[in-house]
Amino acid sequence: ALATPARAAAPPQVTIDGTSGGRVFDGVGALSAGASSRLLVDYPEPQRSRILDYLFKPGYGAALQILKVEIGGDTNSTDGAEPSHMRTPSDLNCDRGYEWWLMEQAKARDPGIRLSALQWGAPGWTGSGAARPTVWTDRNIDYLISWLGCAARHHLRIDYLGGWNEGYSDGDWFVRLHQALREHGYGDVKVVADDSFNWDVLQPMAANPAFAAAVDVVGQHYVCGYLTDYLQCPSPAAAQALGKPLHASEQGSLPYDSGAAPLARALSRPYIDGAMTSTINWALIASWYDTMPFQASGLMGANEPWSGAYVAGPSLWAVAHTTQFTEPGWRYVDSAKGYLDGGGSYVALRSPDSRDYSMIAETIDATAPQRLRFTVGGGLPDGPAAVWSSDLSSGDSRRWFVREGTVRPGDTLTLAPGHVYTLTTTRGQGRGRAVSPPPAPLRLPYRDGFGSTALGSAPRYVSDLDGAFEVAPCDGRPGRCLRQVIDEQPVWWNGWLRRPVTVVGDLRSWRDYEAGVDARLDGDGDGWVELLGRVDGQWADAVSGIHLRVSGSGDWQLYDENLQGQDSRLCVPSDPACAGVEAQSRRPVQRRTLAAGRTPVGAATWHRLRLRFSGDQVTAYLDGRRLAQVVSSTHASGQTGLAVAPWRHAEFDDLAVTPVA
Ligand code: 147
């Protein structure tokens with residue numbers, strides 16, 4: 001039994017006192033950014049709707065209170081590139097990508113969900129033009145105002161807008177942004193600064209009162225550390241003295257299974273330690289290929305749109321222990337926040353009218369049962385409270401988000417180690433019952449002639465790593481083609497790749513196959529296109545796999561690119577070898593030429609590139625002619641892909657991957 005009669009040794013007492021102070025709660029959210037939702041949009045029904053229910057539907061799963069999205073910049077932002085709404089000063093397309101759709105789906109399930117937006121990179125024209133371009137320009141402010149206009153066209157009200165993800169701040173730019181929001185009728189959009197680290201923003205805010213005045217919310221990243229156990233989540237006293245809401249505006253980066261326990265800590269400790277009233281998890285859902293970094297980081301996983309398989313794991317339920325029992329606008333109750341002596345922590349929140357309260361306690365680090373006597377006061381209801389629990393030390397899903405029974409104020413609770421508990425007077429909670437179909441490989445043959453994709457859209461399963469590949473009318477032949485459309489270096493975020501690349505296919509089951517594509521280079525012969533095969537990883541500048549490059553000049557090259565002994569597929573965030581993203585992203589890319597030569601091609605003409613893999617035999621063909629056959633065992637399986645010289649237009653057609661016996 002959860003409630004036990006008080007024993008001789010008095011247990012610690014927690015009083016949930018409705019008259020005690022406490023900050024306004026702004027909500028628990030998650031972040032769709034870095035192409036993290038790319039494969040979700042391609043999911044079949046009904047699985048796609050069930051996944052969205054698990055994320056957003058009240059009383060069903062994570063019931064998220066905030067959805068934060070990337071404002072796409074056509075540049076790599078971790079696991080790919082997201083498309084921009086405004087690629088030139090005269091361009092405007094409010095329907096590119098999947099974030100509009102995602103926000104609409106979230107609002108359809110919970111009209112009260114708050115929306116937040118932030119750019120990682122941006123089209124080159126909006127940048128400063130310096131050697132390391134920045135977004136601190138008036139053009140970029142216009143660009144963000146246009147994005148808000150797109151949101152309005154989608155009937156989406158944006159609650160929070162930031163500056164530049166982890167790009168620190170230009171105080172005067174924030175002042176101008178704040179002013180522009182007012183001038184354009186977006187005065188109710190709250191400005192977040194600066195989505196970077198270590199509370200470094202406090203100093204420029206202190207030095208520039210206009211900057212400080214322009215900031216509505218101070219948002220900092222990874223306030224509990226980065227890829228650690230997320231034990232402590234402090235903020236400086238100077239931040240707490242600002243009189244502004246403080247948000248943990250990005251944290252997470254841990255897998256949906258092993259990340260649940262650290263996540264449970266990081267949901268409450270930012271308030272206990274640092275008075276932060278919102279936390280945002282990256283990513284919302286791990287819907288990118290395992291080829292790319294930070295595999296499985298999200299509240300859920302869903303990266304097999306062909307099978308419809310998804311994972312609703314313990315991270316989802318860790319979040320539900322807060323979100324299903326509170327609402328943004330509730331208040332923390334400071335009389336009931338703190339740490340348990342034997343390991344663990346707790347917070348309590350109440351509705352503004354004090355008719356309801358919820359207390360969330362976690363015992364993740366406890367090694368023995370924790371006793372706790374709870375009482376209520378200050379006008380809060382003193383009747384029975386429902387108890388929900390999740391055993392995060394268990395892999396058995398039947399032990400997550402379970403209704404336990406009822407307790408009464410004055411009872412002593414016995415909290416088992418490794419759990420999350422919620423005590424609540426609220427009702428309406430629930431646990432979605434939808435079940436995933438089994439996972440399955442993407443079977444060969446795979447073919448796309450792009451005829452069935454809408455103009456301006458990305459073809460099914462094709463995932464851009466940098467630049468933007470979208471369906472357009474073909475040049476020099478009838479029908480639709482896949483076109484790389486970005487012709488200027490964007491303001492980059494992580495600086496990875498800086499060349500257009502896109503990939504598609506099954507990392508593990510695509511072993512012996514032939515990949516082929518028709519390709520046409522625009523321009524006068526000084527660019528190149530590539531067909532890639534056995535792509536088995538991507539990290540920093542490397543797209544690990546076999547590349548066949550054909551240049552407009554007639555030079556061709558077959559080469560192997562790999563990850564310098566650093567296999568990103570194995571680099572899960574809980575692995576200490578993955579610490580220090582910055583250091584790793586500076587590792588040189590290892591490229592090895594396997595064969596090279598010259599052949600007449602001629603610019604602006606169509607050619608067919610083919611790569612055949614059979615065991616360790618790699619054969620390259622151009623227009624039906626064999627260019628080279630080499631032995632290479634560096635890559636055993638992997639995706640196909642396309643690349644284009646930066647920043648050239650090129651077109652592709654009839655992409656086909658067929659099995660080789
Ligand atoms: C964050 C990004 O904001 C996310 O888009 C995603 O890339 C995430 C993956 O972990 O990382 O960027 C960080 C970069 C460096 C650190 C933390 C977050 N760091 O070194 O503490």
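The values are calculated or read from the model by the stated rules, or taken from the named source; none is laboratory data. Please read these numbers as outputs of a predicted model, since none were measured by experiment. We place every Cβ from the backbone using ideal geometry, glycine too, and count neighbours over all the protein chains shown. Accessible surface is based on the protein model in full, side chains and every heavy atom, while ligands, DNA and RNA are left aside. Shrake-Rupley method; radii C 1.70, N 1.55, O 1.52, S 1.80 Å.
May I ask for the Kirkwood hydrodynamic radius of segment 387-484, worked out over all distinct Cα pairs and given in angstroms to one decimal? Computed over segment 387-484, the radius equals 19.1 Å. All C-alpha to C-alpha distances of the chain, sorted into 10 Å bins beginning at zero, yield P(r) values of 3, 16, 25, 24, 17, 9, 4, 1, 0, 0 percent in whole numbers. Ordering of 628-639, 188-199 by packing is 188-199, 628-639, highest average first (other Cβ atoms within 10 Å, averaged per residue). Here the Debye sum runs over all C-alpha atoms of segment 86-196 as equal scatterers in vacuum, and log10 of I(q)/I(0) at q = 0.23 Å⁻¹ comes out as -1.46. The stretch between Asp512 and Val660, if pulled fully straight at 0.36 nm per residue, gains 52.7 nm over its current Cα-Cα span.
DSSP bridge analysis restricted to the chain gives an antiparallel fraction near 75%, rounded to the nearest 5. The modelled label-to-label distance for the pair Arg398/Glu104, using points 7 Å beyond Cα in the direction of Cβ, is 4.1 nm. Between the beta carbons of Arg433 and Thr375, assuming R0 = 25 Å, the FRET efficiency works out to 0.10 to the nearest 0.05.
Can you give the FRET efficiency for Leu455 and Arg592, using 1/(1 + (r/R0)^6), R0 = 51 Å, r = Cβ-Cβ distance, to the nearest 0.05? FRET efficiency, Leu455 to Arg592: 0.85.
For the pair segment 308-376 / segment 160-191, the C-alpha centres are spaced 33 Å from each other.
Note on Val631 and Gln240: the extension gain reaches 134.6 nm, defined as 0.36 nm multiplied by sequence separation minus the Cα-Cα distance. Largest accessible area first, the residues Asp396, Asp200, Asp74 order themselves as Asp200, Asp396, Asp74 under a 1.4 Å probe with ligands, DNA and RNA left out. Each 10 Å bin from zero up to the one holding the largest Cα-Cα distance in segment 161-282 carries the following percent of pairs: 14, 44, 29, 11, 1.
Derived scalar couplings between HN and Hα for segment 75-85 equal 9, 4, 10, 2, 10, x, 10, 9, x, 8, 7 Hz in order, rounded to whole Hz, by the Karplus curve 6.51 cos²θ - 1.76 cosθ + 1.60 (θ = phi - 60°), x for Gly and Pro. Residues of segment 167-188 with amide nitrogen under 18 Å from the 7 Å Cα-to-Cβ point of Asp138? Backbone N within reach: 170-185. Computed from the C-beta positions of Arg23 and Leu92 and an R0 of 45 Å, the FRET efficiency is 0.70 to the nearest 0.05. Taking every alpha-carbon pair within segment 308-400, the share separated by more than 23 Å comes to 32 percent. By the compact-protein rule of thumb, 2.2 N^0.38 Å, the alpha-carbon radius of gyration of segment 1-129 corresponds to a ratio of 1.53. Taken as Cα centroids, segment 594-659 and segment 114-157 sit 37 Å apart, rounded to the nearest whole angstrom. When each of the peptides 217-225, 487-495 is scored by how many other beta carbons lie within 10 Å of its residues on average, the order from highest to lowest is 217-225, 487-495. Cα centroids of segment 463-498 and segment 236-288: 35 Å apart. Multiplying the residue separation of Thr367 and Glu45 by 0.36 nm and subtracting their alpha-carbon distance yields 111.6 nm.
Put a dot 7 Å past the Cα of Leu231, heading toward its Cβ, do the same for Arg157, and the two dots end up 4.3 nm apart.
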